[in-house]
Amino acid sequence: MNNKKLQLPLYLLAALLFGLKTYVVYRFIFNISLENFLQEVILFINPFVTAFFIFAIAVWFQKRRQLKYTKYMILLGSLILYFNIVFYRNFSDFITIPLLFQGSNAADLGSSVLGLVEWWDIALFLDVIVVWYAAKKYGDNLLLQANKRYKRLAFALSIILLVVNYGLAQIERPQLLQRTFDREYLVKNIGVFNYHIYDAVLHSKSKAQRAFADGNELSEITDYMENETTINEKSELFGVAKDKNVIFISLESVQSFVINNTMNGQEVTPFLNELIDDSYYFENFYHQTEQGKTSDSEFLVENSLYPSSRGAVYFTHAQNDYHALPEIIGQHGYNSNVFHANNKSFWNRDVMYDNVGYERFYDINAYEETDENSVGWGLKDEEFFSQSMKYLQGLPQPFYSKFITLTNHYPFDLDEEDATIDKYNSNSKTLNQYFQTVRYTDESLREFFDDLKQSGLYEDSIIVIMGDHYGISDFHKKAMSQYLETEYNDYQHIQAQRVPFYIHIPGHDGEVISKIAGQIDVKPTLLHLLGIDTSNDLSFGTDLFLDERKDFIALRDGSFITDDYVYTKDQCFNRETGELLDSTNQLAGEGEDSVCQPYVEKVEKELSYSDQIVYGDLFRFYDFKD
Ligand code: GP9
Ligand code: MN
């Protein structure tokens with residue numbers, strides 16, 4: 001090639017290649033949903049606008065520095081994009097700053113992360129390779145001797161492009177930056193890099209919130225609770241479990257769609273299905289977790305507050321003042337403890353557990369773990385339960401013991417000999433294996449119940465079982481559509497966030513309860529079963545056995561479920577039929593009348609009140625009068 005003819009300066013080449021790659025990633029890896037033409041336009045121009053902004057800075061540098069800047073920026077940008085891709089493959093979500101500070105978890109992720117990297121990912125660095133190669137081979141020809149005018153022009157152009165991009169985004173989605181819960185919307189509209197900058201701003205804002213809080217914020221919030229969530233009534237079941245032990249089992253990644261369902265004609269969860277017959281089983285119970293996964297579900301259950309929309313509150317706000325379930329029941333004579341065969345520092349549990357009033361945490365050190373009795377993330381569930389029995393039997397009563405299972409965790413690995421149901425057959429290895437590990441956990445539960453009965457503990461206990469969060473993310477749409485035999489659209493996705501919730505009280509027939517419910521409701525429900533008055537408590541949930549209840553379940557990204565509707569991503573569906581009632585991206589604008597609109601505001605208000613409490617550490621100003 002004649003070097004002289006190569007006129008495209010390196011920074012422009014980099015901007016074009018990097019922009020193109022980013023677009024391809026948005027479209028085909030992040031699977032960003034596009035609902036109208038404007039969204040397509042924004043998603044297309046945004047990668048180039050951002051890339052131009054980043055690389056046009058190069059023109060301000062002299063000679064070789066120009067090349068260096070371009071080379072390292074494309075590498076850095078590609079790495080950031082790639083880390084997001086790996087993260088997205090597991091969580092269908094984007095990285096947030098607080099997550100990056102959870103380094104101690106990373107070491108435990110081992111096998112999970114490897115399963116998320118593909119050899120062909122190298123293709124995602126083609127642009128980097130081309131730019132580095134071009135810089136080496138044609139270096140000097142790709143340099144630009146920019147004069148002042150050129151520099152200013154390049155700068156002005158990059159700003160204008162950004163403003164146009166942002167303007168279009170505002171038309172598409174008014175109040176984009178005020179409504180912060182949905183990261184996909186942010187990435188769709190302003191791109192993943194600007195999203196990271198925005199996230200950094202949010203991060204510092206939430207950090208500042210504690211410093212500036214003085215407790216005056218509380219009166220508005222307690223008024224709200226007074227009106228919406230505090231119901232001074234007693235259900236028929238108030239006090240039925242007074243002084244009984246509570247065995248709370250958190251089922252890793254079990255979603256409700258496997259309950260009472262079959263896979264290739266085989267029942268997936270025979271034990272959990274049977275258990276419905278003599279339990280209170282909530283079939284429309286939703287998890288409300290975000291990036292903190294299991295720990296978010298624990299936070300919801302302990303505090304009846306919402307977890308953080310970014311990062312894990314177990315990490316970011318472990319030192320706050322709380323008024324948590326273990327602490328409250330501790331004042332009524334309960335000994336609270338946790339059984340979970342993982343490192344005690346995972347999710348910062350050791351610190352948080354201590355703070356919310358658990359007396360003991362039986363972590364991995366309490367168990368004998370060998371190559372034979374562990375798989376995937378660690379000790380197999382059957383071993384976990386059976387080895388726990390000796391501790392449980394030695395506890396002073398009444399106790400509140402939380403068990404957190406582990407085998408049914410992504411990537412859902414299982415030893416051949418433990419598989420008692422076939423793998424599913426779809427394009428998702430994850431979903432295919434999921435049925436086997438769910439079945440395994442189901443069987444280990446049966447054995448645990450047998451052990452409890454044999455030990456005599458069963459009769460004196462109530463057993464609560466709850467799925468912690470989803471196991472099959474949005475990323476497996478195609479396989480889920482195949483399994484559910486219906487298109488896995490946004491409505492189906494929200495309905496798939498239902499997780500099993502059982503309250504098993506020996507001697508009670510129980511019933512299947514269809515009303516909408518969520519993890520936020522567990523704390524007041526349990527307290528009432530134990531006969532503990534909650535009028536002094538501050539919580540966003542309500543006793544599930546009361547007839548009069550708050551009329552929505554809010555998910556952490558602003559989606560919600562009411563008796564009649566399911567709302568997500570600006571779409572309002574009929575809850576029963578899944579029919580799309582209205583879809584508008586102007587919901588926050590004026591004059592729109594979606595039937596979901598009144599709830600949109602209520603939900604945002606409730607979530608932001610909860611954030612105020614957590615970020616401002618407001619309970620330190622409140623006297624719970626215990
Ligand atoms: C780890 C276990 C699993 O201890 O709770 O965590 P998850 O990834 O589901 O949050
Ligand atoms: Mn989990």
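The table below gives the values:
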| quantity | calculated |
| --- | --- |
| Filter pass, residue 83 being open to solvent by 10 Å² or more (accessible area, probe 1.4 Å), closer than 29 Å to residue 12 by Cα, in the same structural domain as residue 160 (by TED's automatic domain parsing) and within 20 Å of the chain's Cα centre (by Cα) | yes |
| Residue match in the range 154-169 (condition: part of a loop (DSSP other than H, G, I, E, B) and not hydrophobic (A, V, I, L, M, F, W, C)) | no |
| Yes/no for residue 378 being within 15 Å of ligand 2 (Cβ to nearest atom) and either farther than 20 Å from residue 246 by Cα or modelled with pLDDT of 95 or more (or both) | yes |
| Filter pass, residue 189 being buried (at least 20 other Cβ atoms within 10 Å of the Cβ), of a type outside the set (Gly, Ala, Ser), touching a residue at least 12 places away in the same chain (Cβ under 8 Å) and farther than 27 Å from residue 329 by Cβ | yes |
| Total residues in the range 318-372, condition assigned to a loop (DSSP other than H, G, I, E, B), out of contact with any strand residue (DSSP E or B) (no Cβ under 6 Å at 6 or more places or on another chain), more than 16 Å from ligand 2 (Cβ to nearest atom) and of a type in the set (Asp, Glu) | 4 |
| Of residues in the range 267-302 being open to solvent by 20 Å² or more (accessible area, probe 1.4 Å), farther than 30 Å from residue 321 by Cβ and part of a loop (DSSP other than H, G, I, E, B), the one nearest to ligand 1 (Cβ to nearest atom) | 283 |
| Matching residues, the range 223-237, being assigned to a loop (DSSP other than H, G, I, E, B) and open to solvent by less than 50 Å² (accessible area, probe 1.4 Å) | 229, 230, 231, 235, 237 |
| Pick from the range 520-568, criterion in the same structural domain as residue 502 (by TED's automatic domain parsing) and of a type in the set (Ser, Thr, Tyr), ranking: surrounded by the fewest Cβ atoms within 10 Å (Cβ to Cβ) | 535 |
| Among the residues listed as 147, 165, the single one being open to solvent by less than 10 Å² (accessible area, probe 1.4 Å) and farther than 22 Å from residue 72 by Cβ | 165 |
| Test for residue 220: is it open to solvent by 50 Å² or more (accessible area, probe 1.4 Å) and either over 26 Å from the mean Cα position of the chain (by Cα) or among the polar types (S, T, N, Q) (or both) | yes |
| Failed item, numbered, when residue 595 is tested on (1) β-branched (Val, Ile, Thr); (2) in a strand (DSSP E or B); (3) open to solvent by 40 Å² or more (accessible area, probe 1.4 Å) | (2) |
| Test: residue in the range 8-26 that is modelled with pLDDT under 95, assigned by TED's automatic domain parsing to the domain that holds residue 192, over 30 Å from residue 142 (Cα atoms) and in a helix (DSSP H, G or I) | no |
| Helices (runs of 4 or more DSSP H) completely within the range 55-114 that count 1 or more residues being within 16 Å of ligand 2 (Cβ to nearest atom) and either at pLDDT 90 or above or touching a Lys or Arg at 6+ places or on another chain (Cβ under 9 Å) (or both) | 63-91, 97-100 |
| Any hit, the range 238-246, residues being out of contact with any strand residue (DSSP E or B) (no Cβ under 9 Å at 6 or more places or on another chain) and basic (Lys, Arg) | yes |
| Members of the range 322-342 that are within 16 Å of ligand 1 (Cβ to nearest atom) and small (Gly, Ala, Ser) | 341 |
| Of all residues making up the range 346-358, the number that are touching a helix residue (DSSP H, G or I) at 6+ places or on another chain (Cβ under 6 Å) and more than 10 Å from ligand 1 (Cβ to nearest atom) | 5 |
| Long-range neighbours under 7 Å by Cβ, at least six apart or interchain, first residue more than 15 Å from residue 76 (Cβ to Cβ) within the range 116-131, second at pLDDT below 95 and among the β-branched types (Val, Ile, Thr) | 116/86; 117/86 |
| Residue that is nearest to ligand 2 (Cβ to nearest atom), among those in the range 245-266 that are open to solvent by 10 Å² or more (accessible area, probe 1.4 Å) and at positive phi | 260 |
| When residues of the range 419-428 are limited to those that are open to solvent by 30 Å² or more (accessible area, probe 1.4 Å) and within 28 Å of residue 464 (Cα to Cα), the one nearest to ligand 1 (Cβ to nearest atom) | 419 |
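So that you can scan it fast, the table gives a plain yes or no per residue for (1) in contact with a helix residue (DSSP H, G or I) (Cβ under 9 Å, 6 or more places away or on another chain); (2) hydroxyl-bearing (Ser, Thr, Tyr); (3) open to solvent by less than 50 Å² (accessible area, probe 1.4 Å); (4) within 16 Å of ligand 1 (Cβ to nearest atom):
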| position | (1), (2), (3), (4) |
| --- | --- |
| 381 | yes, no, yes, yes |
| 385 | yes, no, yes, yes |
| 391 | yes, yes, no, no |
| 396 | no, no, no, no |
| 403 | yes, no, yes, yes |
| 407 | yes, yes, yes, yes |
| 430 | yes, yes, yes, yes |
| 436 | yes, no, yes, no |
| 459 | yes, no, no, no |
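The values are calculated or read from the model by the stated rules, or taken from the named source; none is laboratory data. These figures come from a predicted structure and were not determined experimentally. Note that we place each Cβ from the backbone using ideal geometry, even for glycine, and neighbour counts take in every protein chain shown. Quick note on the areas: whole protein, heavy atoms, side chains included, nothing else; ligands and nucleic acids left out. Shrake-Rupley method; radii C 1.70, N 1.55, O 1.52, S 1.80 Å.
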